[in-house]
1. Do any helices (runs of 4 or more DSSP H) entirely within region 1-42 hold 2 or more residues that are open to solvent by 100 Å² or more (accessible area, probe 1.4 Å) and farther than 30 Å from Gly53 by Cβ, and if so, which?
2. Can you run down the residue pairs with Cβ atoms below 6 Å, 6 or more apart or on separate chains, where the first is in region 13-42 and farther than 12 Å from Ile1 by Cβ and the partner is of a type in the set (Lys, Arg) and at pLDDT below 80?
3. Restricting region 46-85 to residues that are at pLDDT 70 or above, of a type in the set (A, V, I, L, M, F, W, C) and in a helix (DSSP H, G or I), which is surrounded by the most Cβ atoms within 10 Å (Cβ to Cβ)?
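The values are calculated or read from the model by the stated rules, or taken from the named source; none is laboratory data. Since the structure is predicted, the reported quantities are computational estimates derived from the model, not experimental observations. As a convention, Cβ positions derive from the backbone with ideal geometry for all residues, glycine included, and neighbour counts pool all protein chains shown. These accessible areas exclude ligands, DNA and RNA; they are computed on the full protein's heavy atoms, side chains included. Shrake-Rupley method; radii C 1.70, N 1.55, O 1.52, S 1.80 Å.
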Amino acid sequence: IPELAKMKFGSASEDELVNLILKNGSSKSSGTKAKATRFHDDKSLYTGVYKNGGPSAMDGHKITLSKMTDRSGHNVRGVNYKFSHNK
């Protein structure tokens, strides 16, 4: 507390800092609470990919050590030609 008092007031006045903390009381949150959104909250209204479980970055490909360490050719996105759909 003395270090905090020195930073705040330029002196090591612990009493002044403690009084300031007690005067302000407990911490307060001023954040907002999201309102209900029909298209987000009601899963029966989901469409497309999200209706079927969401997107997949790997499209069912299992990551193995041999795939991770394979340094053969790759496309502009860095995907190995062996595992890319667009060769």
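1. In region 1-42, the matching helices (runs of 4 or more DSSP H) lie at 2-9, 14-24.
2. Once the first residue is farther than 12 Å from Ile1 by Cβ and sits in region 13-42, no partner that is of a type in the set (Lys, Arg) and at pLDDT below 80 comes close enough.
3. Among those residues, the one meeting the criterion is Val49.
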